[in-house]
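Read the structure below first, then the notes.
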Amino acid sequence: MTEPILEARGLCKTFGALVASDAVSLDLRNREIHALIGPNGAGKSTLIKQLSGDLRPDSGQVLFDGHDVTALHVAGRARLGLARSFQVSSVASEFTVLQNVLLALVGRERGAFGLFRRVLSDTRLTEPARGHIARAGLAGRERDRAADLSHGERRRLEIAMALAQAPRVFLLDEPMAGLGLEGSGEMTALLDALRHEAPILLVEHDMDAVFALADRISVMAGGRLIATGTVDEIRADPEVRRAYLGEAVS
Amino acid sequence: MIRERYLNLALLAALLAVPVLAQVQGAPFTITLATKIAIFALAAVGLNLALGLGGLVSFGHAAFFGVGGYVIGILASHARNYEPFLTWPVEVAGTTQMLVLWPLAVLVAALVAAAIGALSLRTSGIFFIMITLAFAQMLYYFAVSWPTYGGEDGLPFYLRGDFPGLNTMDPISFFGLCYALLLVALWLFHRLHRARFGLALEGARQNPERVQALGIRPFQVRLLAFILSGAITGLAGALYADLNRFVSPAMLGWQTSGELIVLIILGGVGRLCGPVAGAGLFFLLEHWLGGLSEFWQFWFGLILLCVVLFARGGLIGALAKDQTHD
């Protein structure tokens, strides 16, 4: 068993009377896709935000590669290699596809204060950027503005940006959302290849994708983690069936 | 429609040609007008860095403009009166050397920008606009109520600073200095825009959350942009004080801040030569409309309204092809 690269230990987070995270412990190991599922309002997004640094837990710890990063800000965790996609795809919409990926590379090389270091004419950046764009399936769209991309293409752009971050962990929040049948099929294939790059913590509602991709599944309900296990174990778990899966399993 | 690059070159050539022709024909007023345009363009290039690239609508850039001016005014008046500026802990004399005064004005403006920026950039949107305004107004009232350097009446200092090998009181020579500094600032803006820093700054304007998730802290990038922006505007303030041989609290007033924003909107927000086009249009209109009608500001307001409504990219945006990122 390998050491977990990303680990949540007893995370608690309340908003007023609402307990969004109730002593949640979860880990992500190298080379795996770990899916996080649960009904709306189960606390998945709150958990992701605590892992990414957007929210501070009330108690508990977040460990990245064995180091406590609970107090580290979003940008700091990103520099450690935490790459994410957002629930609603989030890119710099006035920038071209290429510029968006270059932005990710600048973040990775900590080059934001390069006052005179050119970007678009620097092949040390543009060559790898084109490679990431091609891997995400957007070759030929480099000079299109992100605002002109379709919804599915913006999702792909987010993946290209995540790849450019030299990720050690992917945190992907509903990458299939709104993609349609064909789109989610393509995205599933893309994510399947990514697991060799870095492990993926995948929040997803699309059960076909989850069952196709996940090595392990964790199920949340009411702020608690009610089960973690392999696909077969989760399918068989009676509590999970009751809480969430219902007919999706049958 | 023409390429933006050619439009920029044409604008800059015109700004150079007009005062040179005026010199030949002996029209010093035209040279002074061109100098004023160059100086305000320079100030607006500074603001354009924060506002255009960073999306930071600073309504307080008069603070840097005025501070730059007062650095010149204070040190020059000490030098003219042979009174040391400081006697303790070391004696520091005033000076009239532009090559000393300019870096000092830039430095002091940058320090003020660092202080104002560090506090203001914790807010955004309308709050940022209001807090930058508030800081600039604080400096304004400070200058008004500080009698040592003229208070409300301002501080005249009679002669421009000295520049090696030039008679700065000669209008065309002084214009040359201002124009050269404008070119340097435009080059700097262009380089910053095309650099990693510019990409991060523009990214932070469009989507700070995303930029942060890529490992770049928007606050730090914006603060650096704000400091550089204030420094450039401070240099323009220094030149403006020398142009008039006079500084007054009006340089620090909110009208100045507003004017700088108007210049950028007129010329084209975030466009390299937007400030040049804006300053040219603004002061020429002020001059012409002022000659035609006592109520020129009314007509000027109408024109500004039309630009905002019908030419979102300002003058540059209306005349030049949309720039492609290549």
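Summary table below
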read-out	value
Highest-fluctuation residue, A:A147, A:A129, A:A164 considered, GNM on chain A with Cα pairs under 10 Å	A:A147
Interchain or long-range residues, amide H under 5 Å from A:R84's placed H	A:L171
The range B:1-80-the range B:129-188 distance, computed between alpha-carbon centres (Å)	11
Projected label distance in nm at B:A318 and A:A193, using a 7 Å step from Cα toward the beta-carbon	5.0
Extension gain from A:N40 to A:E233, taking 0.36 nm per residue of separation minus the Cα-Cα distance	67.3 nm
Karplus (6.51, -1.76, 1.60) ³J(HN,Hα), θ = phi - 60°, over the range B:244-249, in Hz, Gly and Pro reported as x	8, 6, 6, 10, 9, x
Derived scalar couplings ³J(HN,Hα) [the range B:258-268; Karplus, 6.51 cos²θ - 1.76 cosθ + 1.60; whole Hz; x for Gly, Pro]	x, 4, 4, 5, 4, 4, 5, 5, 4, x, x
Options B:W88, B:A13, A:L55, ranked by Cα towards positive dipole end of the protein assembly as shown, top entry (Cβ charges)	B:A13
3J(HN,Hα) from dihedral phi, the range B:305-319, Karplus parametrisation 6.51/-1.76/1.60, rounded to Hz, x for glycine, proline	4, 5, 4, 5, 7, 10, 10, 4, x, x, 4, 4, x, 6, 9
Pair B:T87, B:A180: separation of 7 Å Cα→Cβ label points (nm)	3.8
Selection from B:I216, B:I74, B:L281 lying farthest towards where the dipole of chain B points positive, charges on Cβ	B:I216
The range B:108-175: relative contact order in percent, alpha carbon pairs under 8 Å with at least 6 residues between	13
Computed lengthening from A:E109 to A:H73, 0.36 nm per intervening residue step minus Cα-Cα distance	11.2 nm
Under 5 Å, built H, 5+ apart or other chain: amide partners of A:T96	A:A146
11 Å beta-carbon shell around A:D148, net charge (K/R +1, D/E -1)	+1
Summed residue charge, Cβ within 14 Å of B:A76's Cβ, Lys/Arg positive, Asp/Glu negative	0
At R0 = 30 Å, FRET efficiency that the Cβ-Cβ distance of B:Q255 and B:D153 yields, to 0.05	0.95
Dipole magnitude of the protein assembly as shown about its Cα centre (Cβ charges: Lys, Arg +1; Asp, Glu -1), debye to nearest 20	680
Quarter of the Cα convex hull surface for the protein assembly as shown, i.e. its orientation-mean projected area (nm²)	32.3
Cα→Cβ-extended label distance, 7 Å offset, between A:D65 and A:R124, nm	2.1
Sites B:F295 and B:A27, calculated FRET efficiency, Cβ-Cβ separation with R0 25 Å, nearest 0.05	0.40
Normalised contact order of the range A:88-166, rounded percent, pairs of Cα under 8 Å and 6 or more residues apart	50
Calculated Rg and Dmax of chain A using C-alpha coordinates, Å	18.3, 61
Considering only the protein assembly as shown, percent of DSSP beta bridges that pair antiparallel, nearest 5	60
Built amide H within the under 5 Å cut-off of A:V69, gap 5+	A:V62, A:L63, A:F64
Translational diffusion of the range B:31-254, µm² s⁻¹ [Kirkwood Rh, Cα pairs; Stokes-Einstein; 20 °C; 1.002 mPa s]	120
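Values quoted throughout were computed directly from the atomic coordinates according to the rules given, and no laboratory measurement underlies them. Quick caveat, the model's predicted, so the values are computed rather than measured. All Cβ positions, glycine included, derive from the backbone under ideal geometry; neighbour counts span all protein chains shown.
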